[in-house]
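Colleague: One structure, pasted below without further comment.
Please treat every number below as a calculation from the coordinates, not as lab data. Since we're looking at a predicted model, the values are computed, not measured. Backbone-built Cβ (ideal geometry, glycine too); neighbour counts: all protein chains shown.
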Amino acid sequence: MSKVRVLVGTRKGAFILTSDGRRQRWDVDGPHFGGWEIYHLKGSPVDCDRLYASQTSGWFGQVIQRSNDGGKTWAPVDNKFVYDGVPGTHLWYDGTQHPWEFKRVWHLEPSLTDPDTVYAGVEDAALFRSTDGGKTWQELPGLRGHGSGPQWAPGAGGMCLHSILLDPNVPGRIFVAISAAGVFRSDDAGKTWRPINRGLKSQYLPDPNAEVGYCVHSIAMHPSRPGVLFMQLHWDVMRSDDGESWKEVSGNLPTDFGYPIEVHAHEPDTIYVVPIKSDSEHYLPEGKLRVYRSRTGGNEWEALTKGLPQRDCYVNVLRDAMAVDSLDPCGVYFGTTGGQVYASADAGESWVPIVRDLPSVLSVEVQTLS
Amino acid sequence: MIRVILPAHLRTLARVEGEVKLELEGQATQRSVLDSLEARFPVLAGTIRDHGTQRRRPFLRFFACEKDLSHELPDAPLPESVASGREPFLIVGAIAGG
């Protein structure tokens, strides 16, 4: 029978939640790396027991952990993320130029074909890759060296490369997203890059048609249709049908702000977001925890509320804190800054909390195990 | 022999309990102690000093003999009582955050 493993990164450690395919009873394992911020952990799609975790601390910096047994045991691998060449400068909050400084790994994306190859999206924004299971890391400098780097600026959370999508159909095609620069695409396995931000809008940006400067919060694709991308932008939910330009599909959402966006495992036009009140509050509107689902690839949205608190709830759901499994019906999972991890075993129709009282959740990933 | 006391999170990371004892060749300085520590526990590289600049991470301090040595030059000799192992070299995490 199938099993599901939910990998949860929190402000104070990692947790691994497991269930059988019914997804009703859960075992909770953790905390791993107690007291450290676990920005992200993710498993290899070709070796489900190979996991990578980003362990960080304001005191002790960056550690990368690797597990070869599905998270039962872990061992640190290399943590040396050194920019290629002279790092250069980017735009700072006050409009001055500021040196590139490595701070942490936000996102780890294992290769679709090789468990020893994994990509790391870091702050200050850059893309690194390891081809030896994390023993060494090399920057893919063509991204930072694209030429627009001096116009990249940090969002409120820092200047992070937070989203990495590997195209399963076109070898060597990679999409990454950076706050606040935008989306970039490589068609040669990360050697060269170009921004693909046409159609995005960023309030207060002096040049409304600027090549970069967009606060993309997350991007998503369905593996069966990687030519279509979905985006939760700082303002608006967006869609790209050509991997180049974007159109708004916020439709009837109660707010156009939010962080994660995910695609149903079996329906490429079914997408999920969690609208958040902005610009300064960054909590749920009206105290209601509502996941919104569109079955039309955007524009038409329905609130999914069964089992979710509908009063006095003021948590947030961060950009990497939502994921789907590949069972049928599709399971949807998300974690909150209040420490709850909710699961839906029926594509969002109803929800139950797997756990209610973890530390603030930074990331949620799901593995479907056969 | 140099005695080094690590903060709890780094003891966990290095999988050690209690003090770390290092045999040092040459003069005992912050740099030589940390080089030796990282050679024995490679996982600690980057957690005490920045990989690139080799500077002490901002929220860590170095103490010995009831003195704050954090701003001493990395190649300055450590006190004789540390070099001889009578007193430990303490790496301390700042009490900050929540």
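Colleague: Which shape class applies to region A:257-370: rounded if a/c is under 1.5, otherwise prolate when a/b exceeds b/c and oblate if not, where a ≥ b ≥ c are the square roots of the Cα gyration tensor eigenvalues?
Modeller: Oblate is the answer for region A:257-370, as a/c is 1.5 or above yet b/c matches or exceeds a/b.
Colleague: If I take R0 = 41 Å and measure r between the Cβ atoms of A:Ser350 and B:Ile5 in this structure, what FRET efficiency does the formula 1/(1 + (r/R0)^6) give, to the nearest 0.05?
Modeller: Efficiency for this residue pair is about 0.20.
Colleague: Report, as an integer, the average count of C-beta atoms from other chains found within 10 Å of each Cβ along B:42-51.
Modeller: Shielding by partners across B:42-51 averages 5.
Colleague: Would you calculate a helix-derived [θ] at 222 nm for the protein assembly as shown, using -39,500 (n - 2.57) for each DSSP H run of n ≥ 4 and dividing by the full residue count, to the nearest 500?
Modeller: So the helix-based figure for the protein assembly as shown works out to -1500 deg cm²/dmol.
Colleague: So, one more: Return the distance in nm (one decimal) between the two label points of a simple spin-label model at B:Glu23 and A:Lys191, each offset 7 Å from Cα along Cα→Cβ.
Modeller: It is 5.0 nm.
Colleague: Taking springs between alpha-carbon atoms closer than 10 angstrom, which of A:Gly43, A:Gly95, A:Gly338 fluctuates most in the Gaussian network model of chain A?
Modeller: A:Gly95
Colleague: Once you keep just the Cα pairs under 8 angstrom separated by 6 or more residues, what percentage relative contact order results for region B:2-93?
Modeller: Relative CO of region B:2-93 lands at 38 percent.
Colleague: Among rounded, prolate and oblate, which fits chain B when a ≥ b ≥ c are the square roots of the eigenvalues of its C-alpha gyration tensor, a/c under 1.5 means rounded, and a/b larger than b/c means prolate?
Modeller: Rounded shape, in that the Cα axes give a/c under 1.5.
Colleague: Taking every DSSP beta bridge that has both residues in chain B, what percent is antiparallel when rounded to the nearest 5?
Modeller: That works out to approximately 85 percent antiparallel.
Colleague: Going Cα to Cα from A:Lys135, which aspartates and glutamates come in below 12 Å? Please leave out same-chain ones fewer than 8 positions away.
Modeller: Within reach: A:Asp78, A:Asp116.
Colleague: At a 10 Å Cβ-Cβ cut-off, how would you order A:Val341, A:Val274, A:Val82, fewest neighbours first?
Modeller: Ranking A:Val341, A:Val274, A:Val82 by Cβ neighbours within 10 Å, fewest first, gives A:Val82, A:Val341, A:Val274.
Colleague: Between beta-carbons, use under 15 Å as the cut-off and find the net charge around A:Asp207, counting Lys and Arg +1, Asp and Glu -1.
Modeller: Result for the neighbourhood of A:Asp207: +1.
Colleague: Could you check which residue among B:Gly18, B:Gly46, B:Gly26 shows the biggest mean-square fluctuation in a GNM of chain B with a 10 Å Cα cutoff?
Modeller: B:Gly26
Colleague: Which net charge results when you count Lys and Arg as +1 and Asp and Glu as -1 among the other residues whose beta-carbon is under 10 Å from that of B:Ser32?
Modeller: Computed value for this residue: -2.
Colleague: Gaussian network model of chain A, Cα springs within a sub-10 Å range: biggest mean-square fluctuation belongs to which of A:Glu281, A:Glu300, A:Glu109?
Modeller: Evaluated over chain A, the most mobile residue of the options is A:Glu281.
Colleague: Another question about this same structure. For the pairs A:Lys72/A:Lys288; B:Lys21/B:Lys67; A:Lys12/A:Lys103; A:Lys80/B:Lys21; A:Lys12/A:Lys201, note any where the Cα-Cα span goes beyond 27 Å.
Modeller: Where the Cα-Cα span goes over 27 Å, the pairs concerned are A:Lys72/A:Lys288; A:Lys12/A:Lys201.
Colleague: What are the radius of gyration and Dmax of region A:145-224, computed over its Cα atoms and given in Å?
Modeller: Values for region A:145-224 (Cα only, Rg and Dmax): 12.7, 38 Å.
Colleague: With the radius of gyration and the Kirkwood radius both derived from the Cα set of the protein assembly as shown, what is their ratio Rg to Rh?
Modeller: Ratio of gyration radius to Kirkwood radius: 0.99.
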